[in-house]
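*Asks:* Sharing a structure with you now.
The values are calculated or read from the model by the stated rules, or taken from the named source; none is laboratory data. A quick note: this is a predicted structure, and the numbers were derived from the prediction, not measured. Using ideal geometry, Cβ is built from the backbone for each residue, glycine included, and neighbour counts are taken over all protein chains shown. These accessible areas exclude ligands, DNA and RNA; they are computed on the full protein's heavy atoms, side chains included. Shrake-Rupley method; radii C 1.70, N 1.55, O 1.52, S 1.80 Å.
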Amino acid sequence: MHQHLLLALTGVVLFGALAQWLSWKLRIPAILFLLLTGLAAGPFTGLLQPDAMFGELLFPMVSLAVAVILFEGSLTLRFEEVRGLSVMIRRLVSVGMLASWAVASVAARVFVGFDWSLAALFGALVVVTGPTVIVPLLRAVRPKAGIATVLRWEGIVIDSVGALLAVLVYQFVITRAASADDRWMTVGLTFLSVIGVGIVLGAVGGYLLGILLRRHWLPDFLINTVVLAAVLTVFSVSNVLAHESGLLAVTVMGILLANMKHVPLEGILDFKETLTLLFVSGLFILLAARIDLDALARVGLGSLLVLVAIQGIGQPLKVWLSGIGTQFTWREKLMLAWIGPRGIVAAAISGLFALRLQEAGFAGADMLVPLTFIVILGTVIFASATARPAARWLGVADPEDRGVLIVGSNRLSRAIAAALNTQGFRTLLADGDYTGIRTARMEGLNAYFGNPVSPEADRTLDLVGIGRLFAMSRHPELNALATVRYRREFGAGNVYVLRTRRETDGAERERIASHIQGRPMFGENVSHSALLGLLEEGAKISATRLTEAFDWDAYQQRFADGGQLLFAVSPAGRLYVTGPAFDARPTADWVLIGLYKPRPEDDEAAGKQAKAPGA
């Protein structure tokens with residue numbers, strides 16, 4: 001029994017990590033793979049049976065995991081950012097959210113037969129999209145910048161606002177179900193007491209934790225542990241004082257902490273994001289494994305009609321109401337309505353709520369999770385399969401992310417940018433050196449004047465079509481900051497740094513820590529100064545196309561010891577940066593870009609050509 005439990009837990013973690021990797025690799029929301037894994041392991045094969053495995057521990061485990069997920073989501077809701085959002089985004093997370101809630105609730109009532117309380121709870125659950133499902137889709141679909149910005153920010157804000165709505169509706173439903181006196185006055189007073197305890201305890205817990213962090217009363221190595229302990233404590237104590245008030249308490253706690261001044265949250269957010277990723281992966285598999293095939297069959301055709309109503313009526317209505325009087329065209333509004341996948345909060349909270357409602361003997365609660373999961377699967381599959389073709393058809397899709405952001409405007413950076421432009425790659429130079437930026441603009445290069453890691457750069461840098469960073473400044477500290485800043489934007493595998501002489505040849509104390517550096521450009525011991533020195537000696541960047549006659553071996557022989565190979569472009573147009581990880585063997589039709597000094601025979605040939613008659 002113990003060995004079986006050990007293997008099952010290991011399998012959940014392993015397949016959860018595999019699903020997340022597939023999501024990253026295929027640019028499809030991980031929720032799709034997680035739910036399919038849970039269905040395959042649970043109801044379809046019977047290999048994973050969470051109720052039998054965990055018994056009475058299942059509900060507390062799920063409750064604590066959901067509490068951490070909600071806390072992490074609420075940490076991202078900063079009021080100052082919401083106030084600065086466009087009218088479209090504010091309407092989507094307010095009026096639009098209410099419209100989606102109404103459509104989903106009515107659909108669940110009409111097509112599945114939920115009573116109004118359960119229908120309202122279901123509607124509140126499925127208004128949430130969330131960044132974990134939106135961002136992978138945006139990377140794959142690549143809609144225009146305005147559409148992508150609206151969808152990304154809607155996902156970020158509605159992740160916590162929608163969760164708060166779902167928690168409030170659940171509090172009301174469970175309070176009414178547990179009340180011996182069904183009169184509205186009694187139910188309302190009980191509901192208000194639960195809400196009051198959750199808000200007060202969450203606010204007090206968030207404020208005290210914020211004071212601890214702001215005054216640096218905790219050593220760095222203890223911060224994440226103390227924050228996690230505080231979240232679980234507030235959740236548990238709140239539940240003891242007022243039944244089912246814990247979720248509201250941790251949500252309020254996170255929102256308050258996010259909006260306190262001068263509270264360092266960066267390390268906490270990183271830790272909570274990692275923890276949430278682990279919890280979400282495990283929860284989705286376990287909750288999907290609990291789905292009853294009989295309940296799935298009972299929702300049957302009704303669930304498909306609910307899905308159609310949400311995608312075909314709720315989404316367009318939400319976008320239409322939110323877009324009145326805005327600058328968005330009908331094509332852009334249609335694209336905004338097209339992409340509406342439901343995500344983490346809907347799946348995680350629905351499982352917890354269903355467990356609690358079933359314990360309370362609530363009729364139809366066993367169909368809440370199957371219906372929610374069908375909506376999630378349907379909206380994710382619909383968006384994943386059709387959004388990219390739809391964006392192209394509507395003319396609102398951006399090109400492939402083939403471009404490069406280059407930090408630094410020195411002579412070497414400008415020469416590389418010009419060479420890449422010649423090969424059809426968009427480049428954008430960013431630097432605070434006005435002289436370098438002015439020269440770049442005079443040379444016809446696209447350039448941004450300003451600190452590339454500043455808030456202004458976050459708002460104004462046009463990164464549409466750009467998918468890589470080349471940190472090539474003379475200042476290693478700026479390169480390191482840019483690496484850290486854009487690693488999340490482009491992915492660690494697409495962030496490169498050209499080291500300075502101080503880093504390659506200097507003492508250990510002068511080098512930048514390896515964990516905040518990008519991938520080395522052109523080789524471990526290749527420095528910015530060495531390549532700049534080649535330019536000063538007359539070397540030029542040239543592009544050479546390989547043929548059957550002039551192959552890779554011939555290229556290496558000809559240019560041996562004459563400079564440095566920089567890039568390789570495959571026949572499919574993919575750009576490779578040379579360095580430790582470059583193991584491709586270029587063949588015919590590859591283009592090799594290198595920085596090489598002129599050879600004596602080349603000078604002689606040029607001299608003969610100059611002396612030739614008619615030259």
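*Asks:* How many residues does the stretch 33-50 contain that are over 19 Å from THR10 (Cβ atoms) and surrounded by fewer than 22 Cβ atoms within 10 Å (Cβ to Cβ)?
*Replies:* Taking the stretch 33-50 as the starting set, the residues that turn out to be over 19 Å from THR10 (Cβ atoms) are 35-36, 39, 43-44.
Cutting the leftovers down to surrounded by fewer than 22 Cβ atoms within 10 Å (Cβ to Cβ) gives us 36, 39, 43-44.
Qualifying residue count for the region: 4.
*Asks:* I'd like to verify a number: residues in the stretch 315-363 that are among the hydroxyl-bearing types (Ser, Thr, Tyr), open to solvent by 10 Å² or more (accessible area, probe 1.4 Å) and touching a helix residue (DSSP H, G or I) at 6+ places or on another chain (Cβ under 7 Å), how many? Explain how you work it out, then say what you get.
*Replies:* In the first step, residues of the stretch 315-363 are kept if they are among the hydroxyl-bearing types (Ser, Thr, Tyr); the result is 322, 326, 329, 350.
When the remaining residues are screened for being open to solvent by 10 Å² or more (accessible area, probe 1.4 Å), the result is 326, 329.
Now narrow it down to the ones that are touching a helix residue (DSSP H, G or I) at 6+ places or on another chain (Cβ under 7 Å): 326.
So the count comes out to 1.
*Asks:* I've got another one for you. Among the residues of the stretch 560-596, what is the count of those that are under 16 Å from LEU498 (Cβ atoms) and either part of a loop (DSSP other than H, G, I, E, B) or touching a Gly at 6+ places or on another chain (Cβ under 9 Å) (or both)? Lay out the reasoning, then the answer.
*Replies:* Filtering the stretch 560-596 down to residues under 16 Å from LEU498 (Cβ atoms) leaves 563-567, 575-582, 593-595.
So of that shortlist, the ones also either part of a loop (DSSP other than H, G, I, E, B) or touching a Gly at 6+ places or on another chain (Cβ under 9 Å) (or both) come out as 563-567, 578-582, 594-595.
Of the residues in that region, 12 qualify.
*Asks:* Of everything in the stretch 65-90, what is modelled with pLDDT of 80 or more and buried (at least 18 other Cβ atoms within 10 Å of the Cβ)? Give them in sequence order. Break it down stepwise before answering.
*Replies:* Of the residues in the stretch 65-90, the ones modelled with pLDDT of 80 or more are 65, 67-68, 71, 87-90.
The answer is ALA65, ALA67, VAL68, PHE71, MET88, ILE89, ARG90.
*Asks:* Residues that are in contact (Cβ under 8 Å) with a residue 40 or more places away in the chain and farther than 24 Å from VAL128 by Cα, at least 1 per element: which helices (runs of 4 or more DSSP H) completely within the stretch 1-109 meet that?
*Replies:* 2-26, 50-54, 58-74
*Asks:* Under the condition of being aliphatic (A, V, I, L, M) and open to solvent by less than 40 Å² (accessible area, probe 1.4 Å), which residue from the stretch 4-27 is nearest to ILE376 (Cα to Cα)? If you could, list the steps in order and put the result at the bottom.
*Replies:* Within the stretch 4-27, the first condition is being aliphatic (A, V, I, L, M), and the residues that meet it are 5-9, 12-14, 17-19, 22, 26.
The next check asks that each one be open to solvent by less than 40 Å² (accessible area, probe 1.4 Å); those that pass are 8, 12, 19.
Numbers: ALA8: 25, VAL12: 20, ALA19: 16 Å.
Among residues in the stretch 4-27 that are aliphatic (A, V, I, L, M) and open to solvent by less than 40 Å² (accessible area, probe 1.4 Å), the one nearest to ILE376 (Cα to Cα) is ALA19.
*Asks:* Return only the number of the condition from (1) over 33 Å from the mean Cα position of the chain (by Cα); (2) surrounded by 14 or more Cβ atoms within 10 Å (Cβ to Cβ); (3) at pLDDT 80 or above that GLY562 does not satisfy.
*Replies:* Against the list (1) over 33 Å from the mean Cα position of the chain (by Cα); (2) surrounded by 14 or more Cβ atoms within 10 Å (Cβ to Cβ); (3) at pLDDT 80 or above, GLY562 comes up short only on (3).
*Asks:* Identify all residues within the stretch 565-580 that are buried (at least 19 other Cβ atoms within 10 Å of the Cβ) and among the polar types (S, T, N, Q); write none if there are none.
*Replies:* Selection gives THR578 alone.
*Asks:* Being touching a strand residue (DSSP E or B) at 6+ places or on another chain (Cβ under 8 Å) and either of a type in the set (A, V, I, L, M, F, W, C) or at pLDDT below 80 (or both) is the filter here, so list the residues in the stretch 432-451 that pass it.
*Replies:* ILE437, ALA440, LEU445, ALA447, PHE449
*Asks:* Which of the residues belonging to the stretch 188-232 are surrounded by 15 or more Cβ atoms within 10 Å (Cβ to Cβ) and of a type outside the set (A, V, I, L, M)? Outline the logic, then answer.
*Replies:* At the first step, the residues of the stretch 188-232 found to be surrounded by 15 or more Cβ atoms within 10 Å (Cβ to Cβ) are 190-191, 194-195, 197-206, 209-210, 212-213, 218, 223-224, 226-228, 230-232.
Hits for the stretch 188-232 are THR190, PHE191, GLY198, GLY202, GLY205, GLY206, GLY210, ASN224.
*Asks:* Would a scan of the stretch 110-118 turn up a residue that is modelled with pLDDT of 85 or more, of a type outside the set (Val, Ile, Thr), surrounded by fewer than 21 Cβ atoms within 10 Å (Cβ to Cβ) and not in a helix (DSSP H, G or I)?
*Replies:* yes
*Asks:* If LEU293 meets every condition in (1) surrounded by fewer than 17 Cβ atoms within 10 Å (Cβ to Cβ); (2) among the hydrophobic types (A, V, I, L, M, F, W, C); (3) modelled with pLDDT of 80 or more apart from one, which number is that one?
*Replies:* Among (1) surrounded by fewer than 17 Cβ atoms within 10 Å (Cβ to Cβ); (2) among the hydrophobic types (A, V, I, L, M, F, W, C); (3) modelled with pLDDT of 80 or more, LEU293 violates only (3).
*Asks:* Just one of the numbered conditions (1) closer than 23 Å to PRO50 by Cα; (2) among the polar types (S, T, N, Q); (3) open to solvent by 20 Å² or more (accessible area, probe 1.4 Å); (4) under 23 Å from the mean Cα position of the chain (by Cα) is not true of SER281; which one?
*Replies:* So the condition that SER281 fails would be (3).
*Asks:* Pairs, please: C-beta under 8 Å, at least 6 apart or cross-chain, first residue within 14 Å of ILE89 (Cβ to Cβ) and of a type in the set (Lys, Arg) and in the stretch 321-336, second part of a helix (DSSP H, G or I) and open to solvent by less than 80 Å² (accessible area, probe 1.4 Å)?
*Replies:* LYS333/VAL319; LYS333/GLY323
*Asks:* Given the residues GLY538, GLY523, which is the only one that is part of a loop (DSSP other than H, G, I, E, B) and surrounded by 15 or more Cβ atoms within 10 Å (Cβ to Cβ)? Walk me through how you get there before you give the answer.
*Replies:* Working: GLY538 fails: surrounded by 15 or more Cβ atoms within 10 Å (Cβ to Cβ).
Testing whether each residue is part of a loop (DSSP other than H, G, I, E, B) and surrounded by 15 or more Cβ atoms within 10 Å (Cβ to Cβ) leaves just GLY523.
*Asks:* Output the number of residues of the stretch 361-389 satisfying the condition of being of a type in the set (D, E, K, R) and within 28 Å of VAL173 (Cα to Cα). If you could, list the steps in order and put the result at the bottom.
*Replies:* Within the stretch 361-389, the subset of a type in the set (D, E, K, R) is 366, 388.
If we keep only those that are within 28 Å of VAL173 (Cα to Cα) too, we end up with 366.
Qualifying residue count, the stretch 361-389: 1.
*Asks:* Is at least one residue of the stretch 452-459 closer than 30 Å to TRP24 by Cβ and modelled with pLDDT of 85 or more?
*Replies:* Within the stretch 452-459 (the criterion being closer than 30 Å to TRP24 by Cβ and modelled with pLDDT of 85 or more), the answer is yes, since at least one residue qualifies.
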